[in-house]
Amino acid sequence: MTMGKAANSTGQPRGVFDVDEDAALAEIELAWADGGYHAFSADGGTWAAISSAGEVLTGGTPDALDRAIRAHWQATQ
């Protein structure tokens, strides 16, 4: 049995540390949309979300964006 790399949207093998942006954005949206965050995006290495108050939260990775949203959410509670 051989193991291959997952392919990206162009059909090329994806590196071990490359992020599937669509899947990551879908998971972040699933986790935070009901918390008042929307317009999730990833562009040029910047991951972003907008709060219901219009604040733009960013991070350099999906994890960093999640931490920024979590800190913002906790500060508003």
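The values are calculated or read from the model by the stated rules, or taken from the named source; none is laboratory data. Everything numeric here is computed off the predicted structure, so don't read it as measured data. Counting neighbours? That spans all protein chains shown, and the Cβs are built from the backbone with ideal geometry, glycine included. Heavy atoms of the whole protein, side chains included, go into the accessibility calculation; ligands, DNA and RNA do not. Shrake-Rupley method; radii C 1.70, N 1.55, O 1.52, S 1.80 Å.
Return the residues of region 14-63 that are among the hydroxyl-bearing types (Ser, Thr, Tyr) and under 20 Å from residue 75 (Cα atoms); say none if nothing qualifies.
Of everything in region 14-63, those that are among the hydroxyl-bearing types (Ser, Thr, Tyr) and under 20 Å from residue 75 (Cα atoms) turn out to be 37, 51, 52, 58.
Name the residues in region 30-77 that are of a type in the set (Val, Ile, Thr) and over 21 Å from residue 17 (Cα atoms), would you? Lay out the reasoning, then the answer.
Applying the first criterion (of a type in the set (Val, Ile, Thr)) to region 30-77 yields 46, 50, 56, 58, 61, 69, 76.
Across region 30-77, the qualifying residues are 50, 56, 69, 76.
Name every residue in region 23-42 that is in a helix (DSSP H, G or I) and either of a type in the set (S, T, N, Q) or touching a Ser or Thr at 6+ places or on another chain (Cβ under 8 Å) (or both), in order of residue number.
The answer is 25, and nothing else.
Which residues, counting only those in region 54-76, are open to solvent by 50 Å² or more (accessible area, probe 1.4 Å), in contact (Cβ under 8 Å) with a residue 12 or more places away in the chain and among the small types (Gly, Ala, Ser)?
60
Regarding region 43-66, can at least one residue be identified that is modelled with pLDDT of 95 or more, assigned to a helix (DSSP H, G or I) and over 8 Å from the mean Cα position of the chain (by Cα)?
Yes, region 43-66 has at least one match.
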